Every structure is written in structure tokens, then in C-alpha cells.
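Below is one structure, written out as C-alpha cells, with a few remarks after it.
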Amino acid sequence: MQQKIGVLADVHGNLTALEAVIADAKANGVTEFWSLGDITTFGPGTVASYHLLQQENTTVFLQGNWESTYFEIEAGEPIDFGNAKDVAFLAWMSREYAAFNQSEIDQIRQLPIKRRVERAGLKIDLMHNQPNKNYGSDLSPDAPQANFDKVFQGSDADMAIYAHVHAQIMRCDNIAYEPYRMHRILNTGTVGQSYQLTQQGMIAQYLLLTLDDIVGVASADFRRVNYDTSLEIARAQQADWPFSESYIRMLKTGQFTRDADSLAADKRFPEYQAQAQSFYQQLKGE
């Protein structure tokens, strides 16, 4: 018996890209989804993306580093209101917290950064990034082999799947307990921020994993799907989304525009700065 699972991550509020990924996955026989974190922010569709995944038989949700930032700020992490990246995150967070209900925020707070799933005779470790932390660049595509070897230290997993670095990757560790038997390490890529353009617009990425009761992993298909970039731009504009200038420029050009200089250049920066300060004071109960 075979089952097809859509493994996805790093939606970053891009509902249009997520809709395209889910449509492609279901057209290819996917019956279950695993979400490895960072559904939240940059784009306007964070809350709608959570709700959509909940409707689509998503059996795994992990907490990415961006979700963790919610709760680090709640716990009192210092904010530099002169830093456009801090201001932008708070502006986005304020809109998302207004749209989530408290129960949903509490559910996200409790999400793990790693989960073990056992299917088709395999022990599969799912992580947003590394087994013990959901941030950092230790598992970037050009990282040393030693970093990937650490993924399985102290673990009896047969394979690992992670996200975070926005790149579809297939690697393995260098620890062979039996000849020719190494552990696979797969990266889903990113649904919402691939920075890859075609003539039809931006690319969304996900992993289509086919599991078989006899052979284990029958296939691991790194899917790349076009989506309607113009629709996502319209959604950002209609939502009057904070720092939409940077978001739309990313969608149009494929360039990274979430840096401090790009965000600070937004003509509405003072307005967003005031909104961020007000929201932060509310969080602190002032």
C-alpha cells in the first residue's frame, strides 16, 4: 500500500502560493499534509493559511523560528524601534494577533519544533531546522558535511525532513551502520519565499513524499509550482498590509527585500513605527 504526503513549510503569509501547492498536491494524489513551521508573516495571509491547512488533513504542525518570535516578544525580548526589521515584525504580529483568537495563539505556542512520525516501517524525524533549535544556518545548502552528520546523533531515525533555509535539498549523513545504508536528509523548500521567478511569476516549492509499506520511500518529488503572483499582490494591497511595498517588490523581482534598509525606505515607516510601539505597549499591559 502506498500513501502520498505533502510536506511543506515557510509559507510566510503567502496564501496564494499555499493554495497553489495544495491544489497541485491533491491533483497528484496527496491525502495528508505535514507543515514544518514558519507559516507566519511577511505576507498578509498568515491566519488564512493556518485555517486552510487545518481544513486539509494536516496532521503535523511544527513551530518555526518566526512563530517562536511571537512568544519571545511576549516574554519581553528587547525591541529596537529604530530597527526597521523589529518594527516590521511587530506591525505584522499586531495584525495577526488581531485576527487569531486566543485559543489559536495558545495552540501555536504549544507546537513543538521537532516531531517523530512512524510510517511504512520508517522512523521519520520532522524538524523546522535542527533537532534542538529552529533557527540558524547550520544546515544551509553549502554547510559542512559534519553539520548534517549531527542530525542523527543520538537518534534512531531512518530519515529526517527539515525546512527553514528556503532551498530544496537532498543530503545524507556520513554515518553508515551498514554498507550503502546512509540516512536521507530532505528539505521541503519554501512555499511562500523562493525568490525564484519564471515568465509566469514566482515559484512555490514543497516535497511530495510517496511512502510504500514494502520499500519505504518509493519517491521523494521536489515539486515546483507556479502561482498567481498578481493575485497575491492584490491581496496585500486590499489588506493594506504593513510594508507591502517590500513584499510586492519581492514578489515582482524575486529579490530579498526583508532587510532593514529596504523596510526603512517604506514611505509609511513612521506610521508603522507608531503602530508597532502601540502594540508592544499593549502586550506589556501598559
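The values are calculated or read from the model by the stated rules, or taken from the named source; none is laboratory data. Quantities reported herein were computed from a predicted structural model and do not represent experimental measurements. Glycine also receives a Cβ, built like all others from the backbone with ideal geometry; neighbour counts cover every protein chain displayed. Surface areas here come from the heavy atoms of the whole protein model, side chains and all, with no ligands, DNA or RNA. Shrake-Rupley method; radii C 1.70, N 1.55, O 1.52, S 1.80 Å.
Please state which one of Ser35, Ser103, Ser94 is in contact with a Phe, Trp or Tyr (Cβ under 7 Å, 6 or more places away or on another chain), over 30 Å from Thr210 (Cα atoms), at pLDDT 95 or above and not aromatic (Phe, Trp, Tyr).
Working: Ser35 fails: over 30 Å from Thr210 (Cα atoms); Ser103 fails: in contact with a Phe, Trp or Tyr (Cβ under 7 Å, 6 or more places away or on another chain).
So the residue among Ser35, Ser103, Ser94 that is in contact with a Phe, Trp or Tyr (Cβ under 7 Å, 6 or more places away or on another chain), over 30 Å from Thr210 (Cα atoms), at pLDDT 95 or above and not aromatic (Phe, Trp, Tyr) is Ser94.
Restricted to the stretch 45-80, and to residues that are charged (D, E, K, R) and more than 13 Å from the chain's Cα centre (by Cα), which residue is farthest from Arg258 (Cα to Cα)? Before the answer, list the steps.
Looking only at the stretch 45-80, we keep the residues that are charged (D, E, K, R), and these are 56, 67, 72, 74, 77, 80.
So of that shortlist, the ones also more than 13 Å from the chain's Cα centre (by Cα) come out as 56, 72, 74, 77, 80.
Working: Glu56: 30, Glu72: 20, Glu74: 22, Glu77: 20, Asp80: 16 Å.
Within the stretch 45-80, the match that is farthest from Arg258 (Cα to Cα) is Glu56.
Out of Leu52, Leu18, which single residue is under 16 Å from Ala204 (Cβ atoms) and either part of a strand (DSSP E or B) or open to solvent by 10 Å² or more (accessible area, probe 1.4 Å) (or both)?
Working: Leu18 fails: either part of a strand (DSSP E or B) or open to solvent by 10 Å² or more (accessible area, probe 1.4 Å) (or both).
Answer to the selection: Leu52.
Pairs only if they're at least six apart or on different chains, beta carbon under 8 angstrom, first in the stretch 262-286 and polar (S, T, N, Q), second open to solvent by 30 Å² or more (accessible area, probe 1.4 Å) and in a loop (DSSP other than H, G, I, E, B); list them, first residue then second.
The qualifying pairs are Gln273/Phe81; Gln277/Phe81.
Is it true that some residue in the stretch 63-76 is out of contact with any Gly (no Cβ under 7 Å at 6 or more places or on another chain), within 17 Å of Ile113 (Cβ to Cβ) and not in a helix (DSSP H, G or I)?
Yes, that holds for at least one residue.
Against the definition (open to solvent by less than 30 Å² (accessible area, probe 1.4 Å) and of a type outside the set (Phe, Trp, Tyr)), how does Ala75 come out, yes or no? Spell out the reasoning first.
Details: open to solvent by less than 30 Å² (accessible area, probe 1.4 Å): no; of a type outside the set (Phe, Trp, Tyr): yes.
Spelling it out, it is not the case that Ala75 is open to solvent by less than 30 Å² (accessible area, probe 1.4 Å) and of a type outside the set (Phe, Trp, Tyr).
Looking only at the stretch 232-248, count every residue that is over 20 Å from the mean Cα position of the chain (by Cα) and on the phi < 0 side of the Ramachandran plot and tell me the total.
Summing the residues that are over 20 Å from the mean Cα position of the chain (by Cα) and on the phi < 0 side of the Ramachandran plot in the stretch 232-248 gives 5.
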